[in-house]
1. Touching a Pro at 6+ places or on another chain (Cβ under 8 Å) and closer than 25 Å to A:Lys134 by Cβ - does that describe any residue in segment D:99-118?
2. Could you tell me whether F:Met119 is within 15 Å of F:Leu22 (Cα to Cα) and surrounded by 21 or more Cβ atoms within 10 Å (Cβ to Cβ)?
3. Working only within segment A:58-84, note down all residues that are touching a residue at least 60 places away in the same chain (Cβ under 8 Å), over 26 Å from A:Lys158 (Cβ atoms) and crowded, with 20+ Cβ neighbours inside 10 Å.
4. Can you name the residue in segment E:10-33 that is more than 18 Å from E:Val147 (Cα to Cα) and not basic (Lys, Arg) and, of all such residues, is farthest from the other protein chains (Cβ to nearest Cβ)?
5. Condition check: modelled with pLDDT of 95 or more and part of a loop (DSSP other than H, G, I, E, B). Does A:Lys61 satisfy that?
6. Step by step: first the residues of segment B:19-54, then only those that are basic (Lys, Arg) and surrounded by fewer than 18 Cβ atoms within 10 Å (Cβ to Cβ), then the one that is farthest from the chain's Cα centre (by Cα). Which residue is that?
7. Mind telling me which of the residues A:Phe55, A:Phe118 ends up being in contact (Cβ under 8 Å) with a residue 24 or more places away in the chain and within 19 Å of A:Ala152 (Cα to Cα)?
6 protein chains.
Amino acid sequence: MKNRIAVYPGTFDPVSNGHLDLMKRGLEIFDKLIVAVALNPDKNPLFTIDERVGFIKEAVKNWTNIEVEFFDDLLIEYAKRKKADVIVKGLRAVSDFEYELQMSLMNRRLDSHIETVFMMPSEEYSFLSSRILKEVALLHGDIRGMVPPGVAEGLERKFKGL
Amino acid sequence: MKNRIAVYPGTFDPVSNGHLDLMKRGLEIFDKLIVAVALNPDKNPLFTIDERVGFIKEAVKNWTNIEVEFFDDLLIEYAKRKKADVIVKGLRAVSDFEYELQMSLMNRRLDSHIETVFMMPSEEYSFLSSRILKEVALLHGDIRGMVPPGVAEGLERKFKGL
Amino acid sequence: MKNRIAVYPGTFDPVSNGHLDLMKRGLEIFDKLIVAVALNPDKNPLFTIDERVGFIKEAVKNWTNIEVEFFDDLLIEYAKRKKADVIVKGLRAVSDFEYELQMSLMNRRLDSHIETVFMMPSEEYSFLSSRILKEVALLHGDIRGMVPPGVAEGLERKFKGL
Amino acid sequence: MKNRIAVYPGTFDPVSNGHLDLMKRGLEIFDKLIVAVALNPDKNPLFTIDERVGFIKEAVKNWTNIEVEFFDDLLIEYAKRKKADVIVKGLRAVSDFEYELQMSLMNRRLDSHIETVFMMPSEEYSFLSSRILKEVALLHGDIRGMVPPGVAEGLERKFKGL
Amino acid sequence: MKNRIAVYPGTFDPVSNGHLDLMKRGLEIFDKLIVAVALNPDKNPLFTIDERVGFIKEAVKNWTNIEVEFFDDLLIEYAKRKKADVIVKGLRAVSDFEYELQMSLMNRRLDSHIETVFMMPSEEYSFLSSRILKEVALLHGDIRGMVPPGVAEGLERKFKGL
Amino acid sequence: MKNRIAVYPGTFDPVSNGHLDLMKRGLEIFDKLIVAVALNPDKNPLFTIDERVGFIKEAVKNWTNIEVEFFDDLLIEYAKRKKADVIVKGLRAVSDFEYELQMSLMNRRLDSHIETVFMMPSEEYSFLSSRILKEVALLHGDIRGMVPPGVAEGLERKFKGL
């Protein structure tokens, strides 16, 4: 029997209930799930790396076999260092699919021992992208039920007075 | 540590090197892989169910942790009966993606405990579909290197004299 | 104020809860909705035209401003005869989208006065296609909650003993 | 008979003949069309909100049942305030389609009483996107016939000497 | 200077003005264009191979540097026999694109010396597919302006009395 | 016999082996290929226009019938000035396809005498986009075999110490 470690990478700016749904699904299949928050300074994220990691840690604090941390090197190098076997990615839309497919072929070229597997979030979260979430929260739309409570507060704080 | 059983379903009419590539990748991740050949009488397959199962068994005869059989009931019922945790599907193109996404949401509705994960074959097989293979073989195109030797012979036999 | 009549065409083989969801949405916008069941003998439908019309009539019998009937001529001619202003179509997936876009440009060429508008079913029905429904029902999968009760019985009857 | 008010939102930076074509089609179906120009300061538009509203007002000055104004809150809140029943969006390409689909599911979640309907511009405008228009105008390409005269002048003024 | 021969293959069941538009565009670029009509007995075409070849010959009878004939072997073998350098294909929609891409990678594998190039028909024909054409003609829709006159008559003859 | 000149435009920031593969394929078909590097100051390229032109010149220095230069006006004007007959573009993914299709319809509108033809790179480069290349190089991933040697050095130099 294999001990399977999976890395679930992303910017998580911020984490949504769709991301959490995918983490649960990943944990059903793999023995351990490492949520890996990419630093991504060039994407100019809304929340700092500490905030982004913090939101996820808070949301999964009662879960087991899950680890949350940031990384700032090449995903495939990070995954190797963590002795991961698998990279897990969520797929919602065709446009996701094409970029992820290219990225995973690149990763396979860089290291042929780590496979990428794709999973789908529940269809009730299929419309949830971090980009749309932020657009709605900026204009004070009600995003409860789409993000964990800590993130809802964080977004409110960020956009108050705008 | 979990003992993970995956089902890889398909019509496999006939099995190609792209399918075999995906089986190898699945075996890297899961503890056991069950290749499940769908009867699909309404799709009017070129090869009988026995031929299709036979081609795969021959091609993987020296592999371990793999089982090949046919099924004729609902995939999700079959997977439950086999105590599988995961359904594995290959993704090559956007059009694959949409149908597979709908099918896996349907399967999730029918049984919420079995997840579908998607994996990609090597890009050297990205153009290989069973449909195109048969179109080429029918016109006596050289399909060696795209299918296991037994299938190449089988196709030649089927289309001789046409 | 305009009196807006919309035609919602389809094969409806059989009608699903996704179709009914779209009908409700259409009735919110237009003054009258005509569900137009295409004869489509060449598509070799599972249910007869009378069965398909009957299932819908039964499901909407308590609704107002809705009419259900079959048609066997060109959609655009039928719509003109019914004095319709609009054709309503559902969109779920990219593959739907492309065919529907071509069809609606063709209809615009045939009669420039009738517009096609596209609406989306609820995401809980986004995975429901009549094709997948029939595949599942044929293998005795539980499709309650996906179709109106009359259709569930009809499918059971059709596939009993298979 | 219902009095149907539709909102047609966009950045309109600048308005093109494809947008005007869609407005005409919207007016054929709905009793009143409100063209709602989004402020979008973060998108860094080429034209100011006043210029963008002005170009449209000039182009539709002889039309009836149409209103043009800007909005800077959540689209769905704006639509409610205007007592609109429907949001109208144009669809040209698959990539439009996916984002619009996500956005309209988000809007449905925020307010379930306002539907989004999608319409297609004439195929002679199917290649016209504001992004491509600006790329061409920046390099002094001839964009007459693609935009109303006021916009052609505005683009020329903006890019003179560049 | 090279003498460039291009093959433009298809079922052409029947030829449309969109196909003719593409032939003209191909002739602008290549020195000779061979329109190659695939026998395709398994696709159950509406018109016989002689009718399909005849319609095209009639439509291009005053053109130069064009040849029309049928073929019943592997496209790539046929192209080699005709000493062609290039296979020309039309692209209208994303769904075309994926199948054509797979097919052209397959052809490249079978013979690496013949390239496939894709061209676009005029946008006024972008909605024209032979499938939709036949659906409309079967129901006596007016397809003049979409096909050459001989094809319009042929379709009328085929579907008279249906 | 025609003397066919093709323009292959792009930002080439930086050139990859996928681009070079496409240039070779273009040279097989056309008599002369002009690689036209777009200035694109608004895209904020990583390498200067001189660096980008230089990398390509170095990589193709032993090839014949090829010319490399930059351009800063409208592509279609540039192509006319170079007496080109054809614009060549590479197609890898559906998302490429849609933008390129819109752009080529725009170019056809601006000058109807220059056709755009699409070609496919070898599938071993199908995952290579300049965007993904730079993401990997920034994090010191090994990109040899994906770019010509000069580019590998250039990327290393750019990202040293980051």
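The values are calculated or read from the model by the stated rules, or taken from the named source; none is laboratory data. Note that the structure is predicted; figures quoted are calculated from it, not measured. Cβ sites come from the backbone with ideal geometry, for glycine too, and all protein chains shown count toward neighbours.
1. Initial filter on segment D:99-118 (touching a Pro at 6+ places or on another chain (Cβ under 8 Å)): none.
Scanning segment D:99-118, I find no residue that is touching a Pro at 6+ places or on another chain (Cβ under 8 Å) and closer than 25 Å to A:Lys134 by Cβ, so the answer is no.
2. Values: within 15 Å of F:Leu22 (Cα to Cα): yes; surrounded by 21 or more Cβ atoms within 10 Å (Cβ to Cβ): yes.
Yes; evaluated as a whole, the condition is true for this residue.
3. Correct list: A:Leu75, A:Tyr78, A:Ala79, A:Ala84.
4. Keep residues of segment E:10-33 that are more than 18 Å from E:Val147 (Cα to Cα), which gives E:26-33.
Okay, now just the ones that are also not basic (Lys, Arg), so E:26-31, E:33.
Values: E:Gly26: 9, E:Leu27: 10, E:Glu28: 6, E:Ile29: 6, E:Phe30: 8, E:Asp31: 6, E:Leu33: 12 Å.
Of everything passing the filter in segment E:10-33, E:Leu33 is farthest from the other protein chains (Cβ to nearest Cβ).
5. Values: modelled with pLDDT of 95 or more: yes; part of a loop (DSSP other than H, G, I, E, B): yes.
The answer is yes for A:Lys61.
6. The initial filter retains those residues of segment B:19-54 that are basic (Lys, Arg), namely B:24-25, B:32, B:43, B:52.
Adding the requirement that they be surrounded by fewer than 18 Cβ atoms within 10 Å (Cβ to Cβ) leaves B:24, B:43.
Working: B:Lys24: 12, B:Lys43: 15 Å.
Among residues in segment B:19-54 that are basic (Lys, Arg) and surrounded by fewer than 18 Cβ atoms within 10 Å (Cβ to Cβ), the one farthest from the chain's Cα centre (by Cα) is B:Lys43.
7. Just a single option satisfies the conditions, and that option is A:Phe55.
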